[in-house]
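K.L.:
Sharing a structure, written as structure tokens. Questions coming.
The values are calculated or read from the model by the stated rules, or taken from the named source; none is laboratory data. Just so we're clear, the structure is a prediction, and the values are computed from it rather than from any experiment. For neighbour counting, all protein chains shown are included, and Cβ atoms are generated from backbone atoms with ideal geometry for every residue, glycine included. These area figures cover heavy atoms from the full protein model, side chains too; ligands, DNA and RNA do not enter into them. Shrake-Rupley method; radii C 1.70, N 1.55, O 1.52, S 1.80 Å.
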Amino acid sequence: MLRRLTQISAKQLARTQSTTATGASKEKWDLYAGVLVERLPVVSKTLNPLERRFQDMLLNVEYENSLKSDHELKHERDLVQLEQIKQGKVQVDLDEGVAKQTAQDLKDAYIEELKKFEAAPRSTPDDAANKTSSTDRCLEDTLYLLVQQKLGQQQHLLLPQGQRQEGETMRQTAERVVREQCGNGLKVLFYGNAPVGFHKYKYPSNQRANSVGAKVFFFRASLRAGNVQAGTKDAPAAQYEWLPKEALSQKLKNAAYAESINKFLI
């Protein structure tokens, strides 16, 4: 079914009916594909106090209900053997005793090794510099890509989008849009052939020579490697930003466009 959806001809998608006072008239719409490119979280979310207390409770319950590990059983055997040695019930060869490593020795070694461990920071220099063109920031959040594009006479930050060409499926248009708007250095994985969202808008009345407006079908893709090659021959976008969900809504100036995108944001 998803495959069929992408094979629908441009005429079938663009054809729409609008009813007027004098009857039904046909309107022609341009078809566009937009792409929501997302950089997924790199690290897990920091737990808030309530989540941390709940996690501690679950760990305690799991510990109380768990069976003893091999290490704990070995430690108990070591303690019993040590007590027997103190009471003279067991004779130990000195060479064998020196070479033997007890469970407590292992535990002490592990603790010393743990003290040397330093967790990687959850923030980066790009966070401190607020470098919105970097994907090495906001590691706990999903980041969404906006690129600068010209609509009419003005420049806008939008999801990468472009008009469908004759013979293309909408999925093929979406793939071409990413290459043209972002360059070949940006590697993404599309989630499927079917659009996840939709937006339409009408052109100004003096620009409706062939079509009354545009219908944008949004596809979803995740970042795999690379970044936008801004200002190059392969990627004409002069400006781009990777933004979390809250900042994304603030950057999108058109309220209707922002609302259409928020409907399929996670």
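K.L.:
For region 149-161, name all the residues that are open to solvent by 40 Å² or more (accessible area, probe 1.4 Å) and either within 18 Å of A258 (Cα to Cα) or within 26 Å of the chain's Cα centre (by Cα) (or both).
P.N.:
Within region 149-161, the subset open to solvent by 40 Å² or more (accessible area, probe 1.4 Å) is 150-156.
K150, L151, Q154, Q155, H156 - these are the residues of region 149-161 that are open to solvent by 40 Å² or more (accessible area, probe 1.4 Å) and either within 18 Å of A258 (Cα to Cα) or within 26 Å of the chain's Cα centre (by Cα) (or both).
K.L.:
Report every pair of residues separated by at least 6 positions or lying on different chains whose Cβ atoms are under 9 Å apart, first residue within region 46-57 and acidic (D, E), second not in a helix (DSSP H, G or I).
P.N.:
E51/K45
K.L.:
Could you tell me which residue of region 162-186 is farthest from Y257 (Cα to Cα), considering only residues that are out of contact with any helix residue (DSSP H, G or I) (no Cβ under 6 Å at 6 or more places or on another chain) and surrounded by 22 or more Cβ atoms within 10 Å (Cβ to Cβ)?
P.N.:
First, the residues of region 162-186 that are out of contact with any helix residue (DSSP H, G or I) (no Cβ under 6 Å at 6 or more places or on another chain): 163, 165-168, 172-186.
Adding the requirement that they be surrounded by 22 or more Cβ atoms within 10 Å (Cβ to Cβ) leaves 173-174, 177-178, 181-182, 186.
Details: T173: 20, A174: 18, V177: 18, V178: 19, Q181: 19, C182: 21, L186: 25 Å.
Selected residue: L186.
K.L.:
Still on this structure, please answer the following. Mind listing whichever residues of region 157-193 are over 13 Å from L36 (Cα atoms) and in a loop (DSSP other than H, G, I, E, B)?
P.N.:
R164, Q165, E166, G167, E168, T169, G183, N184, G185, L186, N193
K.L.:
Based on what the data block shows, is N206 surrounded by fewer than 19 Cβ atoms within 10 Å (Cβ to Cβ) and not charged (D, E, K, R)?
P.N.:
yes
K.L.:
Something else about it: Only one of these is open to solvent by less than 70 Å² (accessible area, probe 1.4 Å), more than 30 Å from Q161 (Cβ to Cβ) and not small (G, A, S): K115, K68, K74. Name it.
P.N.:
Of the residues listed, the single one that is open to solvent by less than 70 Å² (accessible area, probe 1.4 Å), more than 30 Å from Q161 (Cβ to Cβ) and not small (G, A, S) is K74.
K.L.:
Moving on. Looking only at region 15-50, count every residue that is under 30 Å from T135 (Cα atoms), of a type in the set (D, E, K, R) and either at pLDDT 95 or above or open to solvent by less than 80 Å² (accessible area, probe 1.4 Å) (or both) and tell me the total.
P.N.:
Going through region 15-50 one residue at a time, the tally reaches 2.
K.L.:
Of all residues in region 137-148, count the ones that are surrounded by 21 or more Cβ atoms within 10 Å (Cβ to Cβ) and over 15 Å from Q250 (Cα atoms).
P.N.:
2
K.L.:
How many residues are out of contact with any strand residue (DSSP E or B) (no Cβ under 8 Å at 6 or more places or on another chain) and either at pLDDT below 90 or of a type in the set (D, E) (or both) when one looks only at region 186-208?
P.N.:
4
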